[in-house]
Structures are given as structure tokens and as C-alpha cells.
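Heads up: the structure comes next, in C-alpha cells.
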Amino acid sequence: MKQISLRLGRFAVAAFAGFLCCSTMVLANSFADQAQQAQIRQAQAMQAQQTLQEPVSSVNWQQGGYGPIPTMAQGAGKDIRPFGAELFSGGFRGTRADGLNPDYRILPGDQITLRVWGAIDIDRILPVDAQGNIFIPSIGPVQVQGVSHNQLDSIVRNAVRKVYPDNVYVYTNLQGVQPVAVFVTGFVNKPGRYAGVPNDSILYFLDQASGIDEEQGSYRRIRLLRNGETLAKMDLYDFLLEGKLEHAQLQNGDTILVERRGPQIAVHGQVGRAYYYELNDDVLYGATLMQLAQLDAGASHALVRGQRANGPYANYQALEAFAELTIANGDEVVFVADRQADTIVVQLEGSYYGPSFFILPKNVTLHQLLDNIPVDQVIAETRSISIRRVSVAERQRESLLESLRRLETTYLGASSSTAEESAIRVREAELISAFVARAREVEPNGRLVVSHRDQLLDVRLQDGDIITIPERSDSILVSGEVYIPQASIFVPSMSAWDYIEAAGGFSQHADKRRVLIVRQNGEVRNARDVELRAGDEILVLPAVTTKNLQLASTLTQIIYQIAIAAKVALDI
């Protein structure tokens, strides 16, 4: 079978097959105005205008790695929490240690089970006295304070065998531990005295105190005090980032002190999640912050804003330079993706030969790509090529939702002067509410018509475009308000009305004046204005059953809008 190109040309295109994902950021092209036309001819004119005009972008370029630097809106900083704030949501206070782990060190007040048999029999529960001893009958006092649970058995066995060296067996077990009361103070939400066991983590006690004060407390400067002396200094970032949190076993009367927050930097933009990060160093560098914040893969630059001694300060640097940049308390750092790509990725679907994805230079046009795509002219319907763009679908949906919002605002809040008028308003409100609920579920297809009078127009391709080359079809699809929606063989002598009659005729809800023809390329025409082609779809729109002429006109416009954007005849 002979393969031919869609057009002649020599423009070289690099093909790439095997891309796994086809949903990429795309440029915007406006379908919004066409949705507001009350007559089908006006909708057709708007479609033609779309094919000839260059689209206007509404894409958030910052998310795609291009364009202006994002800013933190006034008050947005209130939604950013300190890094680590999620620690204290009750996850530690509900799990209390029992003190019976091998590393627990014995304290006065603990209870020890002792069993000795052989040369002597002993079976007792012995308390650890204030001097840290247990008293074993016939043996005497044995010092166990500070001994780990794991070492307890060997310490006691050695003491017994000093008196009974032969034929003696010893078993020990920690029966229970003495609870401790620990003071939690400083910049916490509920300072107080909280009970636990000696080997509880400080996180248990901080959670008991409802966590650290997010506005003033430090997550990096926490001290464990005993008798007025600092026993340990702790940094919760070590626990958050590396799972490390080491401190001495707690004793009754210990104090956990949360100090005032240190220098703090607000970070957002191209990061996993926006946070306030607290920095420990006296001199703060960008590299320190980059080690803490989880940057997105595309992040390339950093914008720093803040205050200095001489007034407001701002700096914009690539990440390499930002690493050596000095930052200060209160700065706002916005990581952005600011590297522009030199290529775009487009996808082909339908009837053609070769790969499905192509990496192309920027500013490549549709004709330049198609010059290098081999097709079978007998099978491919080259007159009906179209482009699907995500941004077009987004604009179609935005326009539809705005029309629905205006519909609700205009009619659902209208007042009534009489009881009869009130009853009519209630029925209209029910009609509108049901229609709006169904209309909001419609997903526009984002189809961009790129032909005019059977001539393929040359448009600039954009990243993420999906180009459809449909196969020739021998059928006609009849859908919408007919009794038997069906597909039939195309017969040149039959009109749209003949196919509707073959589909059982118009349903009782059909609007016989509004029958649309949807071409394979996405073009929508009035059935009275065009001749049928193989592959067309006949779409019968529903009638609007209301005596309110203004409401009927508004609903009709939205029905047209849905039919053009999604090829759906939404019933009222």
C-alpha cells in the first residue's frame, strides 16, 4: 500500500517514541466567547475566528518553568506553618512507654522480682530504696541504681554467688518502674507538670503540653534541665530529617525548656511544601536552607525578599549563586523554575505510520510536522485533522462554569410579588438546579478546529498538543433527542432528516429547529447549512420547556455551548 505525506516539505523532525505520559502543560487558546452565542451561526463564526487567531495564554507559566516570579499574596503567610508543626497532633501522647525495655536504667522506687533456688530459696519482690539498693535476705544490700535492665540479672547473680558459690540459680525481672513528673515550660502551648515514665521521649511530654508555640517557640533549641544544669540540648530537625533524638533517661523533677524561636525564613514556590524554616547558624547562607527545603526537580532560581538595615531588600539568583548568598531572619525565599525549554513535545493519534510522540523545536508549525508524517491516503481522512489542547478544554470549562454561575445568580435569587409567580419561580428553580448539576459534570474535549473550507490551516504547535488524524468513516452517528440513537451506513442521497427518521424520529423533548452536524475535525454546523459527509454526527438538541423567554434563551445558549465543547446534547 502506497504511503504518502500529508504535504510536501523538507523540514526535519526528530521523532521520539515511548513517552509514558501525554498530559503536559500547554498554552491557552480561547473558546470563551463562542459559548455566549445564542444562534448556531454565531457559534460557527466564533469557531472560524479561533482557527485564524493566535491564542492568548492563560497558563500559570511559573508552574511550567517560565515567566514571571510568583509572589506571596498579602496574608498568605498565615497559612504557612513552621517545619515540624505536624509533630504535635496527639500522636505521641497516646503511646506511653512501660519502662521495661533492655536499656532502661533502674531508679529508686522501682520493683524487682527475685527468684533464687538451689542452695537457697528466695522468691520476693524487692523495692529499690533511696540509696539505690535492693536488700536480699542472707546476702545483704546490692547496688542496682543506674544499672540497665539488661544488666540487672548478672549483677544480682554475682552478688548471690559471693555467698553461695555453688548449686545456686538466680532469676530477676523488673516488675514495674517508678513514674516521674516532668516540668514542660518555655514557649509551649500549655506549660505544666506532666507524668510519665523515666524512658519516655521528650516528644511524649511536649505533646502532653499541646506542642510548641508555632509563633514564638523553637523547634531547634530545646534543653533538658536537671537541678538547674543543662543535661542535654536537642534539635527536633534531627528527628524530622534523620530520625535521631537522643537524651538522658528522665528523672522526677526534670525540666524540658523550649527556647525562643531563632532566625526564621519563609520558603515557598517550587518546593514540596511551603514552610517556615528555623536556622541555627550565626551566619545564614542559602546552602543551609537548600539542605532543609525539598526542592522540586525543575527549581532553578531563588528570589529573596526581606528587610536590611538600609531598607527593603530583594535578590534573584540561580541556585548555584544562591547557595553562597547571605540570608537574614524574616526573609521570604521563593524557589522558581526559570529555565525555558528549547523544545516542545507533541503527540499524534489516529491513522498514520511511525512513532506517536515527537520532540520538536519551538515555533514549529502543524504543516512542518505533517510534511514528515507518512499516511495511507485511502484510510486517513486528511481533511479532518484537528488538535486537542488542555488549555482549550480548561478555558471551555471556565466559560461553561461562568455561564452556569450567571444562570444561578440571575434566576435563583429572583423575588416574587404574588403567590402564583412564587410557584412559577419554585418550578424554575428546580429546573435550573437539576440542569446546572448535570452541566457541571460535562468535560469539554478541548478540540481546536484547524481547517477552513476543507483547507488545513498552518498553526504554531504548542507543548502538549495532541494531533488527531482520523480514519475515513463509512457511517453516520445519530444522537441526542431521538428515540433510537444509532450509527448507520452513510448514503449520499440521504439527508439529516432521513437519518433522524431512521432513528425513530424526534423524541418528545427534541427541538426540531436545532439540529447540529459535528464533523470529525470538531467543527459544528447547522444541519440546514451543510451537506452530510461520511463520519459526521447528527446531534439533536433538547427543547427548553419554560414559558420564561429570557430563561429559555439563556438555557439554549448554554446547551449550544455544551454541544460545541463536548459534543453532548444535555437534556433540560
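Taking only protein heavy atoms and a 1.4 Å probe, the accessible area of segment 105-176 is 47% carbon and sulfur. Annotation: amide H of Ala380 within the under-5 Å range of Arg472, sequence separation 5 or more or interchain, hydrogens built in the peptide plane.
When the Cα gyration tensor is reduced to axis lengths a ≥ b ≥ c, the ratio a/c stays below 1.5 for segment 180-260, which is therefore classed as rounded. Tell me whether segment 360-515 comes out rounded, prolate or oblate; compute the Cα gyration tensor, take square roots of the eigenvalues as a ≥ b ≥ c, and use a/c under 1.5 as the rounded threshold. Here segment 360-515 falls in the oblate category.
For segment 105-176, the residue among Leu114, Ala159, Phe135 whose Cα projects farthest onto the positive side of the dipole built from Cβ charges is Ala159. For segment 285-419, just say rounded, prolate or oblate: build the C-alpha gyration tensor, square-root its eigenvalues into a ≥ b ≥ c, call rounded for a/c under 1.5, and beyond that prolate if a/b exceeds b/c, oblate if not. Judged from the Cα gyration tensor, segment 285-419 comes out oblate (a/c at least 1.5, b/c at or above a/b). Taking Lys and Arg as +1 and Asp and Glu as -1, the other residues whose beta-carbon sits under 13 Å from that of Asp153 total +3. Expressed as a whole percent, the accessible surface of segment 472-544 that belongs to carbon and sulfur atoms is 47, based on a 1.4 Å probe. Taking every alpha-carbon pair within segment 175-327, the share separated by more than 27 Å comes to 36 percent. Phi angles across segment 216-229 convert, under the Karplus curve 6.51 cos²θ - 1.76 cosθ + 1.60 with θ = phi - 60°, into 3J(HN,Hα) values of 10, x, 9, 8, 10, 10, 10, 10, 9, 10, 9, 6, x, 9 Hz, Gly and Pro given as x. So if we plug the beta-carbon distance of Asp376 and Asp474 into 1/(1 + (r/R0)^6) with R0 = 22 Å, what FRET efficiency do we get, rounded to 0.05? Given R0 = 22 Å and the Cβ-Cβ separation, E is 0.90. Beyond 17 Å, what share of the Cα-Cα pairs of segment 270-333 is found? Please give it as a whole percent. That fraction is 37 percent. Among the GluC sites (Glu not before Pro) found in segment 219-283, those both in a DSSP coil and sparsely packed, with 14 or fewer other Cβ atoms within 10 Å of their Cβ, are Glu246. Amide H to amide H, with H built 1.01 Å from N, Val188 comes under 5 Å of Asp213, counting only residues 5 or more places away or on other chains. Here each label is just a point 7 Å from Cα along the line to Cβ, and for Phe135 and Ser553 those points are 10.5 nm apart.
The residues neighbouring Tyr171, those whose beta-carbon lies less than 14 Å from its own, together hold a net charge of +1 under the Lys/Arg +1, Asp/Glu -1 convention. On the beta carbon distance between Glu430 and Arg260, with R0 = 51 Å, the FRET formula returns roughly 0.25.
Averaging Cα coordinates gives a centre for segment 173-232 and one for segment 255-324; these two points are 29 Å apart. Here the calculated FRET efficiency for Asp458 and Gln294, from their Cβ-Cβ distance with R0 = 60 Å, stands at 0.85, rounded to the nearest 0.05. Treating each Cα of segment 100-210 as an identical point scatterer and summing with the Debye formula, the log10 of I(q)/I(0) at q = 0.13, 0.17, 0.21, 0.23 Å⁻¹ comes to -0.55, -0.78, -1.04, -1.19. Scalar couplings 3J(HN,Hα) for segment 145-151, obtained by applying the Karplus form with A = 6.51, B = -1.76, C = 1.60 to θ = phi - 60°, are 4, x, 6, 6, 4, 5, 9 Hz; x denotes Gly and Pro. Couplings 3J(HN,Hα) for segment 231-248, derived from phi with the Karplus relation 6.51 cos²θ - 1.76 cosθ + 1.60 (θ = phi - 60°), are 8, 7, 10, 10, 10, 5, 5, 4, 6, 5, 9, 10, x, 9, 7, 10, 7, 5 Hz, where x marks Gly and Pro. In this simple spin-label model, placing a label point 7 Å from the Cα along the Cα-to-Cβ direction at both Ala232 and Ser495 gives a separation of 9.0 nm. Scan around Leu231 for amide H atoms under 5 Å from its own, H built in the peptide plane at 1.01 Å from N, and keep only partners 5 or more places away or cross-chain. Here the answer is Leu224, Leu225, Arg226, since their amide H atoms fall under 5 Å of that of Leu231.
Shown here for segment 303-335: GluC sites (Glu not before Pro) in loop regions (DSSP other than H, G, I, E, B) with at most 11 other Cβ atoms within 10 Å, namely Glu324. Of the accessible area of segment 180-260, computed with a 1.4 Å probe over protein heavy atoms only, carbon and sulfur atoms account for 42 percent. Ligands, DNA and RNA are left out, and with a 1.4 angstrom probe the accessible area of segment 180-260 is 45 Å² per residue. Of the whole protein surface, Val271 contributes about 20 Å² of accessible area at a 1.4 Å probe radius.
The simple spin-label model puts a point 7 Å past each Cα toward its Cβ; for Asp123 and Arg406 those points are separated by 9.1 nm. Using the alpha-carbon centroid of each, what span in Å lies between segment 388-411 and segment 455-486? Answer, in whole Å: 22.
The values are calculated or read from the model by the stated rules, or taken from the named source; none is laboratory data. Owing to the predicted nature of the structure, the values given are computational and were not obtained by experimental measurement. Reconstructed Cβ throughout: ideal geometry from the backbone, glycine too, with neighbour counts over all protein chains shown. The accessibility values were calculated without ligands, DNA or RNA, using every heavy atom of the protein model including side chains. Shrake-Rupley method; radii C 1.70, N 1.55, O 1.52, S 1.80 Å.
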